[in-house]
Amino acid sequence: MRSPLRIHLPVGTLKIATYLQLSSAEHDGHVPMRRFGRYFVIWKPAGAAAARSGRSV
């Protein structure tokens, strides 16, 4: 299985993936995403990972 396409930007990460490549948080709808045909476009802001782990940015 191929890995999803990730585009790292200064303000966050843009991920393009198929349904099988989504994480559990993405499946549950905890992350903003849009569906275009069979692909999902997911946006993760830069501070989101640090906020979940309790670290400051």
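Some observations on this one:
- Taking other C-beta atoms within 10 angstrom as a stand-in for reagent exposure, 23, 3 fall in the order 3, 23, fewest first.
- Taking 7 Å steps out from each Cα toward its Cβ at residue 33 and residue 8 produces label points 2.1 nm apart.
- Cβ-defined net charge surrounding residue 6, 11 Å radius [Lys, Arg +1; Asp, Glu -1]: +2
- Positive minus negative residues near residue 34 (Lys, Arg vs Asp, Glu; Cβ under 12 Å): +1
- Size of region 5-49 as Cα extents on the principal axes (Å, biggest first): 27, 19, 14
Taken together, the values in this text are just the output of simple stated rules run on the coordinates, not laboratory data. Given the structure is predicted, the values throughout are model-derived calculations rather than measurements. Here Cβ is always computed from backbone atoms with ideal geometry, including for glycine, and neighbour counts include all displayed protein chains.
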